[in-house]
Amino acid sequence: MKLSWHLLIVFFSLAVLAATISAVTGAQSRDDDDDDDESALEDPLPDSVDLRVFIHRPRVIKPNHLGTCATTSNANVDHFEETGWHLDGPIVWHLNRSTVPKNIAGSVDSVLNVSFNTWFSGLFSQGGDTRVKRAKFDNVNAIMWKKLGRSTIGVTFAWFSRTTGEVLELDTVFNKRYPWAIFANAPDCQSSPDAYDVQNIATHEFGHWVGLDDLIEEEEKDLTMYGFSAGGEVKKRTLGRGDISGKNDLEP
Ligand SMILES: [Zn+2]
């Protein structure tokens, strides 16, 4: 009798332990499921369509670190890389308003429009809101916030024709895992660097829309198309020399 009582306690303890482990790993796998920055890569596409994914990273890659902001030292580097597509007609984009962080909801439309117009005014126009919840090839140029992996600030997806190189659809997803803000234009590094500036990151992402690729060399760090950013940073709002050269080359 005494022995079976002890066995019952041992069995009960093991059951509690197993339930705890299961709860913890369950939470982790749900967390991993959110990290689907590139899930669109697994979607089937027509043979004629290819996809490029541009992932924007924190300047210092550490989990849960917004990156180290550095003031501009030389935005006169005259370098750009092209993706291969040209925009030749108007592009209508759609915001999933239900995903926008509440603290920036009041100004997000104007900030996104300013970011587009920094490249080409009159080329991009805002259409009605969309309910699209993830990047996918669906004929909707969608902008949304979504929880992505820890080493991602934002992602732009570009679907284009394998034969003509013509871009067919563009989506941009900002990482809801991190805080977002709308800072002032100056200084380059704001006093509360605990959030990413929407205009700073959006201007970079929309550079991909117009056909510019990421730059990764250290000397290119003050250009809008540099592939890394930091919390509090706003210098990508303004195009550097190489960005302007690229824009002029891609003028529709
Ligand atoms: Zn990029």
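A few notes on this one:
- Legend: calculated FRET efficiency, Asn113 to Asp47, from the Cβ-Cβ distance at R0 = 35 Å, rounded to 0.05, equals 0.45.
- Taking 0.36 nm per residue of separation and subtracting the Cα-Cα distance, full extension of the segment from Thr164 to Ala105 would add 17.4 nm.
- Under a 5 Å amide H cut-off, with hydrogens placed 1.01 Å from N, Val77 pairs with Arg241, Gly242 among residues at least 5 apart or on other chains.
- Distance from the Cα centroid of region 99-115 to that of region 188-224 is 17 Å (rounded to whole angstrom).
- Here the alpha carbons of region 71-224 define both size measures, Rg and Dmax, at 15.5, 48 Å.
- Linear extension gain, Thr71 paired with Ser245, 0.36 nm per residue minus alpha-carbon span: 60.4 nm
- Percent RCO, i.e. relative contact order, over region 39-250, from Cα pairs under 8 Å lying at least 6 residues apart: 31
- Full-stretch length increase - Ala184, Arg150 - with 0.36 nm per residue and alpha-carbon distance subtracted: 9.7 nm
- Using the Cβ-Cβ distance between Val60 and Lys133 with R0 = 41 Å, the FRET efficiency computed as 1/(1 + (r/R0)^6) comes to roughly 0.85.
- Pairs of C-alpha atoms in region 38-134 farther apart than 23 Å represent 52 percent of all such pairs.
- Where GluC sites (Glu not before Pro) fall in DSSP loop in region 33-131, at most 16 other Cβ within 10 Å: Glu38, Glu81
We did not get these values from a lab; they are worked out from the coordinates using the rules stated. Keep in mind that this is a model prediction, so the values were computed, not measured. In this analysis, Cβ positions are derived from the backbone assuming ideal geometry, glycine residues included, and neighbour counts consider all displayed protein chains.
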